[in-house]
Amino acid sequence: MYRQYDYRPHVATAVTCEPDTQLVISIGLIYTDEYVVSNHKEDTDDDSGLAIEEKRPDLKPPKQYKVVLINDDYTPMEFVVQILMTFFGMDHAKATRVMMAVHTKGRGVCGIFSHEIAETKVEQVNEFSRLNQHPLLCTMEEA
Ligand code: TYC
């Protein structure tokens, strides 16, 4: 069993494979670990129809966002602990430490996430707090 690749444009390739094998044909640029094999005609170096160019730089990693809890004088401590356990997966001891840090310092980070996840956590916490008639405020900021 062998595989043959022909990346040249405008070339018809006949492939024979054994019964019950799956054939996958990809059309377009083929990315390898080190190089991009291009099918742009003007990039060709010889008459093979193939060209090797350096890989383009990797994409930047997505930005990360801190989800921040703000202290207030009215939200019960045990409610904040419940929030940290429910929405941030903390156990009771960790949630209590984080709540106390927010209580004494005025604000504190409950986690760092992608933009979409951070936004969802903020919405969930604020909605749950309003539903329970507490003024607890949750915000996000770039990490
Ligand atoms: N300061 C509140 C109290 O004394 C407790 C509290 C902690 C409220 C953290 C909000 O983000 C908060 N009941």
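Considering only the range 99-106, I want to know if a residue exists there that is within 8 Å of the ligand (Cβ to nearest atom), within 16 Å of PRO76 (Cα to Cα) and outside any helix (DSSP H, G or I). There is no residue in the range 99-106 that is within 8 Å of the ligand (Cβ to nearest atom), within 16 Å of PRO76 (Cα to Cα) and outside any helix (DSSP H, G or I).
Within the range 65-74, the set of residues being surrounded by 10 or more Cβ atoms within 10 Å (Cβ to Cβ) and part of a loop (DSSP other than H, G, I, E, B) comprises ASN71, ASP72. So, of the residues in the range 45-64 that are surrounded by 13 or more Cβ atoms within 10 Å (Cβ to Cβ) and outside any strand (DSSP E or B), which turns out to be nearest to the ligand (Cβ to nearest atom)? Restricting to residues being surrounded by 13 or more Cβ atoms within 10 Å (Cβ to Cβ) and outside any strand (DSSP E or B), the top hit is GLN64. Name the pairs: first residue in the range 96-122 and within 15 Å of GLU141 (Cβ to Cβ), second residue of a type in the set (Lys, Arg) and part of a helix (DSSP H, G or I), Cβ to Cβ under 8 Å, at least 6 apart or on different chains? Filtered contacts from the range 96-122: CYS110/LYS121; GLY111/LYS121; PHE113/LYS121. Output yes when any residue across the range 99-117 is surrounded by fewer than 16 Cβ atoms within 10 Å (Cβ to Cβ), in contact with a Pro (Cβ under 8 Å, 6 or more places away or on another chain) and modelled with pLDDT of 95 or more, and no when none is. Among the residues of the range 99-117, at least one is surrounded by fewer than 16 Cβ atoms within 10 Å (Cβ to Cβ), in contact with a Pro (Cβ under 8 Å, 6 or more places away or on another chain) and modelled with pLDDT of 95 or more, which makes the answer yes.
Residue count for the range 65-90 under the criterion of being free of Cβ contacts under 8 Å to residues at least 24 places away in the same chain, away from the ligand (no atom under 13 Å from the Cβ) and in contact with a Ser or Thr (Cβ under 8 Å, 6 or more places away or on another chain): the result is 0.
The values are calculated or read from the model by the stated rules, or taken from the named source; none is laboratory data. Computed from a predicted model, the values in this text were never measured in an experiment. With ideal geometry, Cβ positions are generated from the backbone for all residues, glycine too; neighbour counts draw on all protein chains shown.
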